[in-house]
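Step one of this worksheet: look at the structure below.
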Amino acid sequence: GFKKRRRQNSRRKIGHRQLLTTVRISEILLGGAKPTKTASVKAPKKVKAEAATEVQAEAAPKKEPKAKAAETAAVPLFKAPKGEPDDLTVIKGIGPVAAKDLNEQGIITFAQLAKLTDKDVAKIDEHMSFSADQIKDWREQAKELAAK
């Protein structure tokens, strides 16, 4: 016959729920770098927390890529050409965030993306959060768009 069983996770669903506080790290400042204007509201906390975040970055391997990205962002990988930047979001797979990251690294036109060598692709792959396959796909699309 049928036996009514007690729900095992009812405590989680109905009972006491712990309030969760999330802390957003807007940027990691290295070597006494000045915070950007967007993060200046939270900047006083960041300067004190800077030493703590560096210790955490060494302890937690997940945070290391962010620290590396912050270092490389200071020195762009490529020289941006003069003139109007293209809207990189037209390329499938590049959203507003990816386009901003590429622009910060000096890639602002389809022609630049199309001319990337395999060595450049490897460099971007190493320093940014994009895979080599993604970049090669973008390069093909950029070649078509640059031809227009």
Checklist outcome for this item: Karplus ³J(HN,Hα) for region 133-141 (6.51 cos²θ - 1.76 cosθ + 1.60, θ = phi - 60°; Hz, whole; x = Gly/Pro) runs 4, 4, 5, 5, 4, 4, 4, 4, 5
Item to check | Computed label-point distance, nm, for sites Glu84 and Ala132 using a 7 Å Cα→Cβ extension | outcome: 3.6 nm
Next on the checklist: Among the listed pairs Lys123/Lys143; Lys34/Lys123; Lys34/Lys115; Lys92/Lys148; Lys34/Lys119, which have their C-alpha atoms separated by more than 24 angstrom in this model?
Outcome noted: Lys34/Lys123; Lys34/Lys115; Lys34/Lys119
Checklist outcome for this item: With Rg from the Cα atoms and Rh as the Kirkwood inverse mean 1/r over Cα pairs, region 88-147 has an Rg/Rh of 0.90
Item to check | Cβ-based exposure ranking for Val121, Val97, Val23, in which fewest neighbours within 10 Å come first | outcome: Val23, Val97, Val121
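No value in this document is a laboratory result; all are computed from the given coordinates. Only a predicted model underlies this, so the values are computations on that prediction, with no experimental measurement involved. So basically every Cβ, Gly included, is an ideal-geometry build from the backbone, and we count neighbours across all protein chains shown.
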